[in-house]
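What follows is a set of notes on a single structure, which appears directly below.
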Number of protein chains: 2
Amino acid sequence: MSTQEFKQAPHKLLVIPGPIEVADDVLLANAHPAMSHVSPEFIPVFGDCIRMLREVLFAPNSQPVLTAGSGTLGWDHVAANVVQPGEDVLVLNSGYFGDSFADCFETYGAKVDQIKAPIGSKPSLSEVEEALNKKKYKVVTFTHVDTSTGVLSDAKGLGELVKRVSPESILVLDGVCSVGSEEIRMEEWGIDIVLTATQKGLGCPPGLMVLAASKKAIAAFEKRTVPPNSYFASWSRWLPVMKAYEAGTGAYFATPPTNLIYALHASLTTITKGSPSIEDRFKQHVAASDRVKDFIEGLGLKQLVADGKKDGAHGMTAVRYPQGLKATDLLPKLVAKNIVVAAGLHKQVKDEYFRIGHMGVTVINDKERGDIDHLLTSIKESLAEAGYKP
Amino acid sequence: MSTQEFKQAPHKLLVIPGPIEVADDVLLANAHPAMSHVSPEFIPVFGDCIRMLREVLFAPNSQPVLTAGSGTLGWDHVAANVVQPGEDVLVLNSGYFGDSFADCFETYGAKVDQIKAPIGSKPSLSEVEEALNKKKYKVVTFTHVDTSTGVLSDAKGLGELVKRVSPESILVLDGVCSVGSEEIRMEEWGIDIVLTATQKGLGCPPGLMVLAASKKAIAAFEKRTVPPNSYFASWSRWLPVMKAYEAGTGAYFATPPTNLIYALHASLTTITKGSPSIEDRFKQHVAASDRVKDFIEGLGLKQLVADGKKDGAHGMTAVRYPQGLKATDLLPKLVAKNIVVAAGLHKQVKDEYFRIGHMGVTVINDKERGDIDHLLTSIKESLAEAGYKP
């Protein structure tokens, strides 16, 4: 079946901060006939995905790792390969996902310190500098976009800070809700590990853990004195497999999710070789984000991130319900208009806000799709139906 | 797009011991439009998969666990949840996958004893009984079908033996190459954990770890005195999520691979509610296996499993190359006939044999597809082209 012939079924517009809407060609790739994971047809497809990921992350010298899983599994990869039990880790906590990453580190025996920011904000560079001056950390992590609040961390600033104050530390960017929708110049900015998943800015169905490790991160792994304390997430197992696929030979540790690799290949081809360019793709996400945030403010609604256009993500927006309204007043009205947004996630305030995703085809192909118009008009109408007056 | 309209692209017939050929309706389900993993439409689909897995395994009282991953990840689930560091495990080793499962246990701190069978055979029940009488094992594992050799273990016999000799031990069936193609009466036979993946007898693309745990296995997990030593594979995280999906509420730990869940739902619906019945499905796999094995023997070829019809799997056959022929003499000739079989995998003999998969639609829909005829005729012709005379 050709791309021209395949059209996905009619469905509600999915504008949550992931999974996001998936293009027809990517879905058709996900319906690829069964293929051997070590066949000469499949191996270069996997190899291309590795090469294209380097382009998306501006990381020509880094090592991607792709396995069945999710963003969560990326935490296990960091905690079980880069840190040894008893070593110190600093988690910059800007919401739900900082808490969980810290739990993951503790599972594998790391000693975790956290700098916890108030809801909707992030640790300041000066707080981080102070912490780095007090203790040597093997690893420093931050959530680039905290999906629970929509706060955007200053990846470039953190990269410069760590390089200056604690150059031995491995800086880890949790990019689950940022890769593909936010600019990340991994090597130029001094980021050592980027981890993500496929169902957000990469525009695919969920089911793949995606990670890239700098030479410094790989060197830290190679200096381990004890083996990785995970089996399925072990770099001792996976790095040779990734190198073999890239070299065109293939290798086996665990069966890769072949269809998702075809889907990722289709999506990465659009991102790296299609129009707009990667740089313009990020700019279009900024423009769409500004448009959503301006509209929300124009309605008199507040964001969870106080100054959303300055400190907020460009692929999502977290919006507080107006006084007197709650989730059940608004979300079902949006569903009735075929719009699916997400409820709150941060446990302390989850009933006070909702979340909108604006990533991937919804942003890039907005002219022909009209998703953002549909979304904003529907929010306005649903608020009015719920009795809200701006 | 409806099932009637969707036809997968023409491709070579994939008859390796997984991934296997996937039916059109399952591939179309894998191209489902993006859905929220906590939406009211998706939650019951996940719940149905849990319920249908119980039917496939004859395990009405057991707890399925489904996450993004592969069969390999199922080993981490067992090693990190059921065993505590320092506890004793017995691995019944019938090939490549026994070696690897043992490595996995050691990663998580278990003390592993193995009974290693010669290539193409399995530990005998009397050897196992002797080992169980010598030491108390927290866990006993066996590979139901070793995909590297095609040997079939006696699941029922092992279940009876463990119940009689070591009733406290948790008996684990690695069913990666057996679930869906071999009869497994999990509860009746006394199997405590079955782990598998989706790309073999379950007839889906790869990318899901599938597991079911008996009440006894769950009780062993609940009696742990230290937390699970994996994060992504932790039952503390996943069991509440599985219960929530089954109850129709949904919950979040890591994003499930939504499209693969739709694909699994399509395939499990065929297996549990379609024609033939599950019992007849197993019988048809036996009949197809006998047909393949008789044909191979009729050509004068030997199997890796000496008495393949008695001791071999029903979803695959491992065949020795005839004297004087090697992989490059045969496999490219099959590829030229649009047939993909698998090379050898067991490291000691991998250049001496090839592997054929006969599972799922290739067996069940053989009348309309003609896969087995095409396969057997092509093997015969390719051997002749390579100069082999029976």
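Couple of notes before you dig in:
- Selection status of B:GLU130, acidic (Asp, Glu), away from chain A (no Cβ under 14 Å) and farther than 22 Å from B:LEU202 by Cβ: yes
- Residues (at the interface with chain B (Cβ under 7 Å from one of its Cβ atoms) and not in a loop (DSSP other than H, G, I, E, B)) located in the stretch A:1-40: A:LEU14, A:ILE20, A:LEU27, A:LEU28, A:ASN30
- Listed by first and then second residue, the pairs with beta-carbon distance under 6 Å, at least 6 apart or on different chains, first residue in the stretch A:91-107 and farther than 17 Å from A:ILE170 by Cβ, second modelled with pLDDT of 95 or more and surrounded by fewer than 24 Cβ atoms within 10 Å (Cβ to Cβ), are A:ASN93/A:GLN114; A:ASN93/A:LYS116; A:SER94/A:ALA117; A:GLU106/A:VAL112.
- Identity of the residue in the stretch B:252-282, touching a residue at least 24 places away in the same chain (Cβ under 8 Å), outside any helix (DSSP H, G or I) and within 24 Å of B:SER234 (Cα to Cα), that ends up farthest from the chain's Cα centre (by Cα): B:TYR252
- Residue among A:PRO118, A:PRO123 that alone is of a type outside the set (Ser, Thr, Tyr), in the same structural domain as A:ILE170 (by TED's automatic domain parsing), part of a loop (DSSP other than H, G, I, E, B) and exposed (fewer than 15 other Cβ atoms within 10 Å of the Cβ): A:PRO118
- Set A:LYS223, A:LYS215: member being of a type outside the set (Val, Ile, Thr), in contact with a Ser or Thr (Cβ under 8 Å, 6 or more places away or on another chain) and under 15 Å from A:VAL82 (Cβ atoms): A:LYS215
- Qualifying positions in the stretch A:1-35 - surrounded by fewer than 20 Cβ atoms within 10 Å (Cβ to Cβ) and in contact with a Pro (Cβ under 7 Å, 6 or more places away or on another chain): A:GLN8, A:ALA9, A:HIS11
- Counting only strands (runs of 3 or more DSSP E) that sit wholly inside the stretch A:136-218, those with at least 3 residues that are within 14 Å of another protein chain (Cβ to nearest Cβ) and crowded, with 24+ Cβ neighbours inside 10 Å are A:193-197, A:208-213.
- Condition met for A:LYS367 (farther than 18 Å from A:LEU331 by Cβ, open to solvent by 10 Å² or more (accessible area, probe 1.4 Å) and not in a loop (DSSP other than H, G, I, E, B)): yes
- Note on the stretch A:319-343: among residues that are more than 14 Å from chain B (Cβ to nearest Cβ) and either touching a Pro at 6+ places or on another chain (Cβ under 7 Å) or open to solvent by less than 70 Å² (accessible area, probe 1.4 Å) (or both), the one that is farthest from A:PHE97 (Cα to Cα) is A:LYS337.
- For A:VAL83, the criteria (1) assigned to a helix (DSSP H, G or I); (2) in contact with a Lys or Arg (Cβ under 9 Å, 6 or more places away or on another chain); (3) of a type in the set (Val, Ile, Thr) hold in every case but one, which is (1).
- Extreme residue, farthest from B:GLN8 (Cα to Cα), among residues of the stretch B:219-229 that are in contact (Cβ under 8 Å) with a residue 60 or more places away in the chain and assigned to a loop (DSSP other than H, G, I, E, B): B:THR225
- The residue list B:HIS374, B:HIS358, B:HIS346, B:HIS285 contains one member that is touching a residue at least 12 places away in the same chain (Cβ under 8 Å) and open to solvent by 20 Å² or more (accessible area, probe 1.4 Å), which is B:HIS374.
- Test: B:THR67 is at the interface with chain A (Cβ under 9 Å from one of its Cβ atoms), closer than 30 Å to B:ASN259 by Cβ and either open to solvent by 10 Å² or more (accessible area, probe 1.4 Å) or in contact (Cβ under 8 Å) with a residue 12 or more places away in the chain (or both): yes
Quick grid of which residues meet (1) in contact with a Leu (Cβ under 9 Å, 6 or more places away or on another chain); (2) at pLDDT below 95; (3) not basic (Lys, Arg):
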{"position": "A:LYS302", "(1), (2), (3)": "no, no, no"}
{"position": "A:ALA313", "(1), (2), (3)": "yes, no, yes"}
{"position": "A:GLN323", "(1), (2), (3)": "no, yes, yes"}
{"position": "A:THR328", "(1), (2), (3)": "no, no, yes"}
{"position": "A:ALA336", "(1), (2), (3)": "no, no, yes"}
{"position": "A:LEU345", "(1), (2), (3)": "no, yes, yes"}
{"position": "A:LYS380", "(1), (2), (3)": "yes, no, no"}
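- Qualifying residue in the stretch B:227-237 (condition: of a type outside the set (Gly, Ala, Ser) and surrounded by fewer than 18 Cβ atoms within 10 Å (Cβ to Cβ)): yes
- Residue list for the stretch B:41-59, restricted to those being part of a loop (DSSP other than H, G, I, E, B) and either open to solvent by less than 10 Å² (accessible area, probe 1.4 Å) or more than 9 Å from chain A (Cβ to nearest Cβ) (or both): B:PHE42, B:LEU57, B:PHE58, B:ALA59
- Listed by first and then second residue, the pairs linking a residue in the stretch B:326-340 that is under 12 Å from B:SER382 (Cβ atoms) to a residue that is among the polar types (S, T, N, Q) and assigned to a helix (DSSP H, G or I), with Cβ atoms under 7 Å apart and 6 or more places separating them unless they lie on different chains, are B:LEU330/B:SER382; B:LYS333/B:SER382; B:LEU334/B:SER378; B:LEU334/B:SER382; B:LYS337/B:SER378; B:LYS337/B:SER382; B:ILE339/B:SER378.
- In the stretch A:238-253, the residues that are surrounded by fewer than 15 Cβ atoms within 10 Å (Cβ to Cβ), away from chain B (no Cβ under 11 Å) and either closer than 27 Å to B:PRO228 by Cα or not β-branched (Val, Ile, Thr) (or both): A:PRO240, A:LYS243, A:ALA247, A:GLY248
- Of the candidates B:SER277, B:SER230, the single residue that is modelled with pLDDT of 95 or more and within 13 Å of chain A (Cβ to nearest Cβ) is B:SER230.
The values are calculated or read from the model by the stated rules, or taken from the named source; none is laboratory data. This one's a predicted model, so the numbers in the text were calculated from it and none came from an experiment. Heads up, the Cβs are rebuilt from the backbone with ideal geometry, glycines too, and the neighbour counts pull from every protein chain shown. Note: accessible area is taken over every heavy atom of the protein model, side chains too, but ligands, DNA and RNA are not part of it. Shrake-Rupley method; radii C 1.70, N 1.55, O 1.52, S 1.80 Å.
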